[in-house]
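Since the structure comes first, as structure tokens, the remarks are kept for the end.
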Amino acid sequence: MSAPAVALPPRAPLAEAARRMDEYGIGSVLVVEGGALRGIVTDRDLAVRGLGRGLDSGAPVEAVMSPQVITVGADDDVYVAYRTLRRSGVRRLPVVDGQRVVGMLTVDDLLLDVFQRVADLLGPVAWSILEEPPGPPSADSP
């Protein structure tokens, strides 16, 4: 999870959302008002709902945000996040503690988790192969 999540108020201009995405190397910003999650704006929202509809860069992010945001709880385990992503088809999950946003979990974060788990599992196997290479014993082996 990335924490804290990058967030803007609903009246922030589209240009600010684009600047934040560029600055942080991310594909979305959360729209938060009074500490509560109101929506999410993705790079696709900026392109399709913003530029595609002829909105000015000064238009508010609430004009292009998706107000129905699928989230996971801060106390949920990683398997809840996997299931939520698989069932919903979204690529980003805000992590909330009650109404307060505490971070952002992405498909990339979960891929890194999978890679780490595979490495942890295969690490001992790899070391055993390095210590005893596979194949027939050499002529000088006992």
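The values are calculated or read from the model by the stated rules, or taken from the named source; none is laboratory data. For clarity, every value in this text was computed on a predicted model and none was experimentally measured. Here Cβ is always computed from backbone atoms with ideal geometry, including for glycine, and neighbour counts include all displayed protein chains. With ligands, DNA and RNA removed, areas are computed over all heavy atoms of the protein, side chains included. Shrake-Rupley method; radii C 1.70, N 1.55, O 1.52, S 1.80 Å.
Going by alpha carbons, how many degrees (0 to 90, nearest 10) lie between the helix axis of 107-131 and the longest principal axis of the chain?
10
Assuming a ≥ b ≥ c are the square roots of the Cα gyration tensor eigenvalues, decide whether the chain counts as rounded (a/c under 1.5), prolate (otherwise, with a/b larger than b/c) or oblate. Let's see the in-between values first.
Values: a/c = 3.72, a/b = 2.54, b/c = 1.46.
Prolate, because a/c is 1.5 or more and a/b exceeds b/c.
Report, to the nearest 10°, how far helix 14-24 tilts away from the longest principal axis of the Cα atoms in the chain, using its own Cα long axis and a range of 0 to 90°.
Helix 14-24 sits at roughly 20 degrees to that axis.
So if R0 is 30 Å, what FRET efficiency would E33 and Y79 give, r being the distance between their Cβ atoms, rounded to the nearest 0.05?
On the way: r = 31 Å, r/R0 = 1.04.
For R0 = 30 Å, the calculated efficiency reads 0.45.
Under a point-charge model restricted to the Cβ atoms of Lys and Arg (+1) and Asp and Glu (-1), what is the dipole moment magnitude of the chain relative to its Cα centre, in debye to the nearest 20?
Numbers: 14 positive and 19 negative charges, 179 e Å.
The calculation lands at about 860 debye.
Considering only protein heavy atoms, what is the solvent-accessible area of R83 at a probe of 1.4 Å, reported in Å² to the nearest 10?
Surface accessible to solvent at R83 totals approximately 90 Å².
Using a 1.4 Å probe and counting only protein heavy atoms, arrange Y82, Y24 so the residue with the most accessible area comes first.
Numbers: Y82 60, Y24 125 Å².
Greatest to least solvent exposure: Y24, Y82.
Among V61, G89, Q99, whose Cα sits farthest toward the positive end of the charge dipole of segment 33-103 (+1 at Cβ of Lys/Arg, -1 at Cβ of Asp/Glu, about the Cα centre)?
G89
Of the heavy-atom accessible surface of the chain (probe 1.4 angstrom), what whole percent is carbon and sulfur?
Values: 5130 of 9230 Å².
The C+S portion of the solvent-accessible surface of the chain is 56 percent.
Give me the accessible area per residue for the chain, probe 1.4 Å, as a whole number in Å². If you can, show how the numbers build up before the last one.
Numbers: 9230 Å² over 142 residues.
Here the residues of the chain average 65 Å² of exposed surface.
Relative to the Cα centre, what is the charge dipole magnitude of segment 5-69, using +1 at the beta carbon of each Lys and Arg, -1 at the beta carbon of each Asp and Glu, and rounding to the nearest 20 debye? Walk me through the numbers on the way to the answer.
Details: 7 positive and 8 negative charges, 27 e Å.
Dipole about the Cα centre, nearest 20: 120 debye.
Please report the antiparallel percentage of DSSP beta bridges with both residues in the chain, rounded to the nearest 5. Let's see the in-between values first.
On the way: 16 of 20 bridges.
That works out to approximately 80 percent antiparallel.
Using just the helices of the chain, give the 222 nm mean residue ellipticity in deg cm²/dmol: DSSP H runs with n ≥ 4 each add -39,500 (n - 2.57), and the total is spread over all residues, rounded to 500. Walk me through the numbers before you get to the answer.
On the way: 3 runs with 47 residues, N = 142.
Only helices count here, giving -11000 deg cm²/dmol.
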